[in-house]
Amino acid sequence: MTSLITYPRTVGDLKAVIAQGYDEVMKLMRDNKLRVNLKRFLQVLFKGRNHDDKTLEMFNRRLLDWQNARRLAGKPDATMVYHHSGVHVLTGFTFEEFKFEKKADRTLYDFERNTEYPKIKQKWLKDIAVNHTKVLLDAGFPQAVIDKMARDGLNPIVGGKKYQVHHRKPLDDGGDNNTDNFILIRDDMEHRAVHGHYNPAELSIDRLKPGESVMVALPTPPADSIVYPNPAMNYDSERVANVDLLSIYDDH
Ligand SMILES: [Zn+2]
């Protein structure tokens, strides 16, 4: 018999819901008979399960399948990502499959992250403000923000929303501080969603010790844009049903 709970809030209630069976839970969500707080649901879901590499690899694989299905359907490239406020689709991003190897040399990584990156980033922000003004204007940056960026090279704030410089290929994997590896991305929610803890790639990477590697399907920004979102190029985020991502996490 189906539970009458429609908005379980406590850990106990969430456990009871999940105990009904994952297929049933997904069905209730699709039928809009059950709503859950995404983060709490995932916390409960993951706590009782043993996340071995095989399971995480399967989740990564499913996202690649999801991407392939979209392509076959003629839809534009996009990734589906976790954010605590809800699941989003980032149009223009792609899931790139590769072996992520956490840098064994932590001294080198610390240098690249804490010494090299801040300097090169500041120079790059000044550079794009001067040389890619129109792109930034089209992406919704006011001229005054661009002018300030050209002067101070600091992370810009647009309409109260902070932007950050993200490494397309992660610095901790094999990525570097060449500026063609940079993209300026809105922090909340796009950048946070790209690094969202409950993304399969992020879960896989979080488990790595220096020198270890794992196959991931990593959300990777569009190569032809220096800024995200960029509605002028139809690169933008869209809220989708949480159940779309939760379906990826079915190993029952
Ligand atoms: Zn980042």
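The values are calculated or read from the model by the stated rules, or taken from the named source; none is laboratory data. Keep in mind that this is a model prediction, so the values were computed, not measured. Positions of Cβ are backbone-derived with ideal geometry, glycine not excepted, and every protein chain shown enters the neighbour counts.
Pairs meeting the criteria (first residue in region 155-176 and farther than 15 Å from SER213 by Cα, second residue away from the ligand (no atom under 13 Å from the Cβ) and of a type outside the set (D, E, K, R), beta carbons under 6 Å, at least 6 apart or on different chains) are PRO156/VAL145; PRO156/MET149; VAL158/PHE141; VAL158/VAL145; TYR163/PRO156. Of all residues in region 140-160, none satisfies being touching an Asp or Glu at 6+ places or on another chain (Cβ under 6 Å) and over 30 Å from ASN68 (Cα atoms). Scanning region 139-169 for residues that are within 15 Å of the ligand (Cβ to nearest atom) and more than 28 Å from ALA104 (Cα to Cα) turns up ASN155, LYS162, TYR163. Mind listing whichever residues of region 170-191 are charged (D, E, K, R), within 11 Å of the ligand (Cβ to nearest atom) and surrounded by fewer than 19 Cβ atoms within 10 Å (Cβ to Cβ)? ASP172, ASP187, listed by residue number. Identify the residue in region 26-45 that is in a helix (DSSP H, G or I) and touching a residue at least 40 places away in the same chain (Cβ under 8 Å) and, among all such residues, is surrounded by the fewest Cβ atoms within 10 Å (Cβ to Cβ). Across region 26-45, the extreme among qualifying residues is ARG30.
Scanning region 74-109 for residues that are assigned to a helix (DSSP H, G or I) and either within 19 Å of HIS166 (Cβ to Cβ) or not assigned by TED's automatic domain parsing to the domain that holds PRO229 (or both) yields one hit, TYR109.
When we screen ASP172, ASP138, ASP127, ASP147 for residues that are within 24 Å of PHE98 (Cα to Cα) and not basic (Lys, Arg), the only hit is ASP172.
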